[in-house]
Structure formats: C-alpha cells, structure tokens
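Report on the structure given below.
Only the coordinates and a few stated rules stand behind these numbers; no lab work does. Note that the structure is predicted; figures quoted are calculated from it, not measured. Every residue, glycine among them, receives a Cβ derived from its backbone with ideal geometry; neighbour counts consider all protein chains shown.
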Amino acid sequence: MNTAVIILPTYNEVNNVTSLIHDIFNVTKQITTWNIQILVVDSSSPDGTAKEIVKLQKQYKQLHLLETPKEGLGKAYTRGFKYAVGKLNTDVVFEMDADHSHNPKEIPNFLSQIDQGSDFVIGSRYIPGGSIPQNWGIHRKIFSIVGNLIVRLGFMKFSITEWTNGYRAIKRWVIEKHMDDLENYTGYVFQVALIDNAIKSNARIREIPIHFIDRTKGVSKIDSIEYITQTLLYVFQHSSFIKFCIVGGIGFIVDFGISFLLIEIFTGSVVFATMVSAELAIISNFIFNNYWSFAYKKLEHGNESLLWSFIKFNLVASGSIVIQAYGMHLSTSWLGESYWYVYKVFIIVLIIIPYSYVLYNKLIWKDT
C-alpha cells in the first residue's frame, strides 16, 4: 500500500490544528488504498501548538511532529519533505494549510488524480468549480488574481492557473529531484519555485477545483510586500520567456546596428542590409538562447550535432528574415526610406519576437 504524508506547517495555530487533524482523519479513514499520515512541522510556536500535537499523538498513531526553528514557510516545507521521505518513506507528499483554508474533503480527489498518473496535483481557485472567498476585500482579490496572472505571463504557462495556493499533492520523485533547489527559498515564493522546477522536469501536472475558505481564527503569516517582491524577482530570474526577450533585445541591437552601418555608412540597399543584419542577429539569438534562456533543455552535442541544430534553427528563423525584408520593402515603398528605423522597430517588437518565441520554443528547444 502506498503512503501519503500530509504536511501541515504551523506557527501559532493551536486554535485551528486540533480540529483540522480530526477532520483529516475522519475523511481519510474512508480511503482504503492509501496509508495516510500527517506530519505537523511546528516552527517553535509560543502558543503551545506542539504540546497540543503531542496530546493528539496518543489518539492517532499516524500523527507525527517535527519541531523546527522559525525560518519561514519554505524552510518548514523542505524540512517536512526530508522527514516525510527519509523517515516515513512516503510516496506522495501533500501541502496543506493548517488554518482550515483547505477543505480535507478534497483529499480523495487529489489522490484519484495521482492514481491516474499525475505527478503534481494543484488545488486551483481559478478553474471552473473553484473559488475565492466572496467576502475578501477588493485589494486582496486583486492581489491574488493579478499575482497569479503575472506569474503565468512571466513563465508563459497559461495552462496552469494556480501558482501560489498551497494545497497540493506531489510525487516523491519531484521532491527528491529538486530538494537542493528548494533549499534556497524561505518564504511563500517557495510555492512558485516548486511548480517552476516541476514543469522544467516534465512532471505531469493536473489542477482540480477547490473552494478556498478564509481563516476564522488566528492571523495570516504572509507579508504581502515581501511576497510580491520575492515573486517578481524569482520570475525575472527564472523565466525563459523574460530571458528570451532580453536575448531578443540583444539581437535587436545587433540587427539595428548592422543595418545602420550598412545603410547609413555604406549606403547599401535597405533590403540587402536587412537580410544581412537579421541573419547576424539570428546567430546571436541562437547562442544566447541555447546557453541561457533555454539552458535547462539546451541542445547538446550528444543528442544531435550543434551544427545540425543551428541549421534547423536557421530554417525556422528564415521566416523572420522574410517577414522583415517584405515588411521593410512595403514600409519604405509606401512611406519612404527616411524613417526606416521606425518601421524596423515595429516589425521586430510586434511580429518578430512573438513569432520567434513560439517557433523556437516549440520546434527547436522542445521538451523531452
């Protein structure tokens, strides 16, 4: 029988955790195909949370306690993951809030998706059937919705609607593979980092709808300003799309600079200069994208020659040369050559960069 460990990180949750543990075991006692354990990771709560867990352990043999320093949500989870994998030999770990925000009745639905082959199941508030509390203030709704949207845009992963909610079921191999990476994150940005790493490892991710319930006892531990700052910084540092845009900016400088040199200094043909500068920009883009933007799935010599990959890249990118050349031809024919650089900016920003990202990412740096 497979084991699933539900990790409950706590700090001053004595008024919530007892009833939540009763509710979880009442739900999971109906599950006969999984061995369900609960691991409370208490971060030195001064309100007696740990003492309450010790009392409950007399009633529930499947209840475990890990006491840790107060180091933030991310550290609590990584310590809990290590304990669940190393001491409890779990096959699946659950993330779950200890304040009744997550309904234990959804646990069988998570496990059902795991049984069907999913590696990472996310409880989403933003798919049909899910919801956020109606009584949330407008500022909190905007914070939650816009925060998730920014992450989705930053990673260009619109199929995943929920990046920040901490109700999840995750297979052991995902945790083991990324434990060292996750050690770097102490706060709530840990949740974003975990999904990002799972995606880059080609984990099979599935979302199920959940109704998020606002806590009625205790206070939230989240620091909104710190969370927003850390999340934006993480997306900026790890998004292949943002890196791609930066590489596109470098390519733009190469493209624009060569065009300016050939057209303005050497008075060459606008169309010829455009084709030459575009090809040099393509070479620059290939190098930077392979070793930076898509470094986690970069083209290696062992799989297929880098030369052949570059040839394929050029064949795909040839469309951008045609688009630029034809666009510049039409623009200069209709509007004159005086403002050729303005036309070029519009063509590159509005057409070439989106076109290139889709084709390069889907056809050259494909997920394995």
*Quick one: net charge of N103's neighbours, Cβ under 11 Å, K/R +1, D/E -1?*
-2
_Theoretical gain in end-to-end length, S318 to F256 [0.36 nm per residue, Cα-Cα removed]_ = 20.6 nm
*Linear extension gain, S44 paired with W136, 0.36 nm per residue minus alpha-carbon span*: 30.1 nm
*Spin-label pair V349/I31, simplified geometry with 7 Å Cα→Cβ offset, distance in nm*: 5.1 nm
*Report the label-to-label distance for L233 and K58 in nanometres (one decimal), using points 7 Å from each Cα along the Cα→Cβ vector.*
4.6 nm
*asked:* Among V174, V85, V54, which one shows the highest mean-square fluctuation when the chain is modelled as a Gaussian network with alpha-carbon springs under 10 Å?
replied: V54
*asked:* Can you match volume of the Cα convex hull per residue in Å³ to one of these, [x] 139; [y] 173; [z] 165, based on a calculation from the structure here?
replied: [z]
